[in-house]
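See structure below.
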Amino acid sequence: MLTTIEWTGSALRLLDQTRLPGEVVYVDLTTPASVHDAIKRLVVRGAPAIGVAAAFGAYLGVRAAVDATGDTADAALAKLDDTCRYLATARPTAVNLFWALDRVQRVVRGTGVPPVNTAAQATVAARSTGFQPVPDDASAIAQRVLQEAQLMLKEDAQICDQLGEQLLPLLLRHQKFDRPLTLLTHCNAGALATCGIGTATAPMYLAHARGIPLKVYADETRPLLQGARLTATELRRAGIDVTVLCDNMSASLMAGGAVDAVVVGTDRVAADGGVANKVGTLGVAILAKHFGVPFYVAAPTSSIDPHLPHGRDIPIEHRAATEVTRWGGVPTAEDGVAVYNPAFDVTPFELVTAIVTEHGVWKKS
Ligand code: MRU
C-alpha cells in the first residue's frame, strides 16, 4: 500500500497525489508555507490526512522559530498560534484541519482536550489528567507539538481499523445471496485520504483480507477524478475487484440493481447529521434513496462538528474554474465560459442510512 504521510525525522514526507496514477512521487516539506501549499493544491487531501499534515506543519513553524532565535517559551507559543492560524486558511470544509490545529495548541498548553470531538481525545484526556505545566523552554514546546502530530498519525491508522470493524457487518447485511458484496463509493476516502486503510474503504480492505467476495464500483468523481485516479488505483493495487464509472452512470448502475450499498467518507458532519463530502455525493444519496439502496457514511469523530447546528452552514470550498475547463492542460470547455465549481456538497441526514464512527453507529430513530 502506498504511504500517504510519513515523518522522516526532519521533514514531512507526502505522496504527491496530484501526480497519481501516472507517477509515484514523494515530497519532503520543511516549512509551514510548503504544507499550506500542499493542502491547498491537494498534494495531500482527504479530511483525516489534511488534519495530520497540518499538525506536522504546526511543528515545522515552531521548530523554525526555535532554530533561528532559540526563542523563549512565550515566543514559541505565539509562533505556534500564528502558524496554526495560517494553516487553518488552507482549505475551509474539512473540520479535521481545525480539529488537529486546535488539538496541538491545547496539548502544548496542558489544557488537554480539543472541543471538536471525543474520539482520540480519550488518549489525550488520559495524558492530561492532572495539570501539565506549559513547558518552560521553547524546544520542549516544539517537541511536544511533534509528539502530538506523531500520535495523531498513529491514532488515525487505528481509527481506520475500528471504522472497518464497525462498517463491515452492517454492509454485509445488504449482500445479495448470489454475488459478492457489491459497494459503490464516491471520491477517495481511502488509504490515500488517511494514515491507515481509509474510512469508507476500511470495510473493503477488511473484507478482502478475510476472503469475503467483494466488488467495488468507484465513481470517477469530476472534476479532479479522485475516484478514478486514487480510489481505483489503491484498491486495484491491493488486489480488490474495482470498476470505475463516470459520475453520470451511477443511476443506471443502481437502476439495474447492481449495488448492495453505498459507502462514502465525509469532510464534516454537522449536529443535525448533515454530511459534507465531495461534490456529487448528494446526487448519489438521492439516487440511493430512489432505488432503495442503503447509504452509509464513514466518519471518524474528528470529522464531526457538533458546534455547527446545521449541515447547510458548513463552509463549502469553491475552487478554480480551470479545474473544470481544462484537464492536463487540454481544454474541456471554451475559455472564458462561466464555471460553477464547489468542491463539496451537503447530504441531509434524511438521506443517510447511518453515520458510522469508530465508536459506533449514529442512526435515525
Ligand atoms: O477534495 P478532497 O480530495 O480533499 O475531498 C476528499 C473527500 O471528499 C473525502 O471523501 C473526505 O475527505 C473523506 S476522506 C476519509
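Worth a mention:
- Beta bridges per DSSP, both residues in the chain: antiparallel share near 50 percent.
- Reported value for region 129-188: 125 Å³ per residue, from the convex hull of its C-alpha atoms.
- Projected over all directions and averaged, the alpha-carbon convex hull of region 231-335 occupies 9.1 nm².
- Across q = 0.08 Å⁻¹, the chain modelled as identical point scatterers on its alpha-carbon atoms has Debye log10 I(q)/I(0) values of -0.38, in the order of the q list.
- Reciprocal mean inverse distance between Cα atoms of region 1-101 - Kirkwood radius, Å: 13.7
- Ignoring lysines fewer than eight residues from residue 40 along the same chain, the ones with Cα atoms less than 23 angstrom from its Cα are 79, 278.
- Each stretch of four or more DSSP H residues adds -39500 (n - 2.57); spread over every residue of the chain, this sum gives -12000 deg cm²/dmol at 222 nm.
- Think of each Lys and Arg Cβ as +1 and each Asp and Glu Cβ as -1; about the Cα centre, that makes the dipole of region 240-365 roughly 240 debye.
- Chymotrypsin sites (Phe, Trp or Tyr not before Pro), loop per DSSP, at most 15 other Cβ atoms within 10 Å - longest free stretch of the chain: 178-339
- Cleavage-rule hits (GluC sites (Glu not before Pro)) in region 277-364: DSSP loop, at most 13 neighbouring Cβ within 10 angstrom: 334
- With all pairs of separate Cα atoms included, region 195-234 yields a Kirkwood hydrodynamic radius of 11.0 Å.
- Straight-line reach from residue 176: taking Cα to Cα under 22 Å and skipping same-chain neighbours fewer than 8 places apart, the lysines in range are 215, 289.
- Placing unit charges on the Cβ atoms only, positive for Lys and Arg and negative for Asp and Glu, gives the chain a dipole magnitude near 640 debye about its Cα centre.
Readers should treat all values here as calculations from the given coordinates under stated rules, not as data from a laboratory. Note that the structure is a prediction, hence the values are computed from the model and not measured. Cβ: placed from backbone, ideal geometry, glycine included. Neighbour counts: every protein chain shown.
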